[in-house]
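Laboratory data are not the source of any read-out in this text; all were calculated from the coordinates shown. Quantities reported herein were computed from a predicted structural model and do not represent experimental measurements. Cβ atoms come from the backbone with ideal geometry, glycine included; neighbour counts cover every protein chain shown.
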Amino acid sequence: MSHHYDAIIIGSGIGGGGVGTLLAHAGWKVLVLEKNKLIGGRCISYDRSGCVMDLGWHFYCLGKVGPLQEILNRVGLPDSIPWNDLNGTSYIQIGKVAKKYSKQSMYEAAAEDEQDNFKALFRAVFTITDEELDKLWYVPVRDWVQTFTTDKMANTLIESFVSQYFCVPSDEASATEFIRAFRDVMANRATSYPSGGNYSVPTAYIEAIRQFGGVVKTDTAVEKILVENGVAVGVRTEAGEEFRAPVVISNADLKLSVLKLAGEEHFPKDYIEKVKGLTYSCHGVMLRVLLSEKVTSKQVVIYIPDDQSPPCKVTEEMKAGKVPALIGGCFGSPTEFDPRLAPEGKQMITSLHACPEDIREHIDEWRESLMRSFYEVYPEAHGKVEKVWVDPPSLIRGMAGETGAIIGIGQTIHQVHEKRPSVVSPLKGLYFASSEAGGHGIGTELAATSALELFARLQPMTADVLARRQESAIA
Ligand SMILES: Cc1cc2nc3c(=O)[nH]c(=O)nc-3n(C[C@H](O)[C@H](O)[C@H](O)COP(=O)(O)OP(=O)(O)OC[C@H]3O[C@@H](n4cnc5c(N)ncnc54)[C@H](O)[C@@H]3O)c2cc1C
């Protein structure tokens, strides 16, 4: 038996939920198929030992002024995400010294005789013209930074932002992507974490889709994208059910969508070569610590053990199987945004650190090193730790697929802007909305801009799609 829709979306991550919201609001009959029991992809939050845990601890860098919110503004649901802005208790800790997050504290990280050069870099971020910016898409961030300063800590600090934003190293990340993202984050000061945990964001989209008449089926994995006469016409699920639509949008891994769900025989050879060569962002390990009582009011601490260890960068040492004594990372306390995320009176601290793709063999060493780093940041937590969880990339792989990478297709100089896979595939009827195709910006916001970009391409088809549905209903 087959069912007809205007658009079928494979996956309920930010890209899928985002474009589904926009299409459903525009009158399209939308079907979302999600393989997991929970919606949200990498933004899943779930209950564990009475705590709400995010699959990945996320900050939404532009919060209520960014593309995640833009989608909801456009459909008349501006209050759907309960954003909580940072409250001024964000810190950068270098070694043992923690300073409030500010431009000044960043300048002071550089050697005294390099601080003016470092300031010039910050000035350039805000004053660079669009024309100049356009020339830097394929220039690595590191090369651009070194035109201002070679100071070791200044470079480590920028590397730490690059690797937190894009999860690729600064000698591979695009200078234009970085400058735009850094400028937006610094200028808007709108970085947020929502009440209810990360899940509140994809939930807002899925509820909007339902409100506008769309259908969302969880626990329903797509096994095949159906292709007839060179056109994608629908999908078949693992349970053997078929759904048909003139527009099929994959929010799932682009490589998987092209090579497995559709099949490489349906695409031009050079496209397949390009897809096979795409590389992912790096992987991450999450530490979660439940404390018997509140020990800190710091919402966020970016921890940099020394100038050799930018947080969120996979080092050569790690790749060789060695676990560093101290590991840089982004620490934060979800309960400082929403106390209901842990049992009453307790505090949850979570952190994200880059790591190789598979650390299961060395998990005990990682745990020791992560806890050592945790106590460097929160010495006051000694004696108050109730529970510790260490979640390796395999958890993300299980929930979101791909290789378990943090973002998806990495924003390297070979994979941004005109070199990024398009939201429109060469197979007629097949499109992408995710942090794998089109878009720009950081993580979830990359996926949201991809959804907005795809909607702009599909919107002109609305009249045709709706007329076609009416015709098939009459027939
Ligand atoms: C640990 C971690 C920390 C992060 N921190 C941040 C952060 O602080 N800020 C930020 O902005 N971003 C962060 N990110 C990145 C961000 O989560 C992702 O970039 C973004 O959520 C990806 O969205 P997406 O639309 O590409 O879809 P995904 O989240 O990849 O979702 C794809 C969906 O497709 C489904 N699917 C796959 N195959 C099938 C199939 N065959 N049938 C049906 N469904 C299928 C999957 O189950 C999944 O639900 C982090 C990610 C991780 C893992």
Item checked: Most positive-pole-ward Cα, 31, 395, 432, against dipole of the chain from beta carbon charges -> 31
Note to self: As a footprinting exposure proxy, order 65, 30, 19 by other Cβ within 10 Å, with the fewest listed first.
What the structure shows: 65, 30, 19
Notebook entry, point to check: Kirkwood Rh, Cα Rg: Rg to Rh for the chain?
Noted result: 0.97
Next item on the list: Within the set of other residues whose C-beta is less than 9 Å from the C-beta of residue 51, count the net charge using Lys and Arg as +1 and Asp and Glu as -1.
Entry: +3
Next item on the list: Using a cut-off of 10 Å between beta-carbons, work out the net charge of the residues near residue 291 (Lys and Arg +1, Asp and Glu -1, residue 291 not included).
Entry: +1
Item checked: Among 120, 110, 215 the positive-end extreme of the charge dipole of the chain (Cβ point charges) -> 215
Item checked: Helical mean residue ellipticity (222 nm; -39500 (n - 2.57) per DSSP H run of 4+; nearest 500) of the chain -> -9500 deg cm²/dmol
Next item on the list: Rounded, prolate or oblate: pick one for region 106-184, where a ≥ b ≥ c are the square roots of the eigenvalues of its C-alpha gyration tensor, a/c under 1.5 means rounded, and failing that, prolate if a/b is larger than b/c, else oblate.
Entry: oblate
Checklist line | Fraction of antiparallel bridges per DSSP, the chain only, in percent to nearest 5 | finding: 65 percent
Item checked: Size descriptor, Kirkwood hydrodynamic radius, that averages inverse alpha-carbon separations across region 309-434, Å -> 17.3 Å
Margin query: Report, in listed order, any pair from 64/387; 29/276; 99/419; 96/313; 119/294 with a Cα-Cα distance greater than 28 Å.
Written below: 64/387; 29/276; 99/419; 119/294
Check: So for 235, 247, fewest C-beta neighbours within 10 Å to most, what's the order?
Finding: 247, 235
Checklist line | Lys, Arg +1 and Asp, Glu -1 on Cβ, resulting dipole of region 106-184 about Cα centre, debye, nearest 20 | finding: 140 debye
Note to self: Could you give me D for region 381-475, from Stokes-Einstein at 10 °C and 1.306 mPa s, where the hydrodynamic radius is the Kirkwood radius over C-alpha pairs? Units µm² s⁻¹, please.
What the structure shows: 97 µm²/s
Notebook entry, point to check: In what order do 367, 288 fall by count of nearby beta-carbon atoms within 10 Å, going from fewest to most?
Noted result: 367, 288
Note to self: Please give the Cα centre distance for region 249-263 versus region 98-152, rounded to the nearest Å.
What the structure shows: 38 Å
